[in-house]
1. How big is the C-alpha Rg of the stretch 98-154 next to the rule-of-thumb value 2.2 N^0.38 Å, as a ratio?
2. With Rg and the Kirkwood Rh both taken from Cα atoms, where does Rg over Rh land for the stretch 2-64?
3. In whole percent, what relative contact order does the chain give with Cα contacts below 8 Å and a gap of six or more residues?
4. Using only Cα positions of the stretch 119-240, each an equal point scatterer, no hydration layer, compute I(q)/I(0) via Debye at q = 0.13, 0.18, 0.22, 0.23 Å⁻¹ and quote the log10 values to two decimals.
5. Let me understand the chain better: what is its radius of gyration from the alpha carbons, and its Dmax, in angstrom?
6. Provide Rg over Rh for the stretch 29-82; use the alpha carbon set for both Rg and the Kirkwood Rh (inverse mean inverse pair distance).
7. Consider a paramagnetic label point 7 Å from the Cα of N43 along Cα→Cβ; state which residues of the stretch 182-200 have an amide N under 19 Å from it.
8. Taking the dipole about the Cα centre of the chain, with the C-beta of Lys and Arg at +1 and of Asp and Glu at -1, give me whichever of L197, I54, A225 is farthest to the positive side.
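None of the figures in this text is laboratory data; all of them are computed from the coordinates on show. For clarity, every value in this text was computed on a predicted model and none was experimentally measured. Cβ coordinates were reconstructed from backbone atoms using ideal geometry, including for glycine residues, and neighbour counts include every protein chain displayed.
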Amino acid sequence: MRYSIADDLRARIITGRLKPDERLPSEAKLAAHYRVSTPTLRNALAVLQGEGLIEKIHGKGNFVRRQLHQLTYVGGGHMAFDREVPRASLRVTVRMTNTRARGSLASLLKVPLHSPLSELLCVGYEGESPHSLMRVYVPRDLAPITLQAEVPCWGSVEAALAEARPALADTQETVAARLPTRSEAAALRISTALAILAITRVSTGITGRVAEAAHLVLAGDRANALFTTLHMTRERPAQR
């Protein structure tokens with residue numbers, strides 16, 4: 001039954017009877033309309049959420065998801081968007097809090113357990129739809145003194161971090177595809193059944209000290225990763 005409900009709603013979205021950003025009727029009304037239980041209705045909505053057709057906004061309801069542009073992760077915390085994306089529609093919210101090095105964080109940053117850290121929780125948006133989630137951890141003494149709660153792009157976050165730390169010597173990134181945690185799915189407004197691109201980045205300064213560790217999460221239905229390898233070429237000896 002859930003698939004017939006999903007088929008009907010999908011057809012209404014594709015044909016434009018339900019338009020982008022339009023709020024669906026409440027789950028109670030939809031369940032009554034299709035004469036099913038609320039759990040069955042939610043399962044049908046989960047199918048559409050997994051397909052990226054709808055998104056659930058906590059406290060507001062289910063909305064038809066606007067067709068989102070693709071983004072490409074190019075390394076070092078930088079993302080490139082389709083050319084037609086209006087830059088004015090992009091923004092990043094930032095929340096900085098104090099925490100302690102626990103578990104794998106201590107290992108990534110190469111610091112003793114419970115060392116003081118600062119955490120930057122950053123969520124990137126295109127319009128009102130989130131497209132990426134990043135948690136950046138830095139030793140407390142390398143944290144930015146101030147950082148605005150909202151900035152226009154990821155480069156603004158990187159610039160604030162760069163001002164407080166020594167120059168970087170290298171950055172290592174590990175890329176994996178996996179299912180999101182419930183908190184990640186909620187932040188990106190995606191289904192827990194939709195795969196994500198998870199990137200762990202560790203940057204070391206020229207002094208040899210690890211300057212930051214970051215966890216970046218991108219929704220798998222709209223993200224790509226680009227890797228560029230520069231090859232050294234030997235100059236041919238001049239012919240006599």
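1. Cα Rg divided by the expected 2.2 N^0.38 Å: 1.31.
2. Expressed as Rg/Rh, it is 0.92.
3. 18 percent.
4. -0.62, -1.04, -1.33, -1.37
5. 21.8, 89
6. With Rh from the inverse mean 1/r over Cα pairs, Rg/Rh is 1.19.
7. Residues 191-194 fall inside that zone.
8. Working it through, the farthest residue towards the positive pole turns out to be I54.
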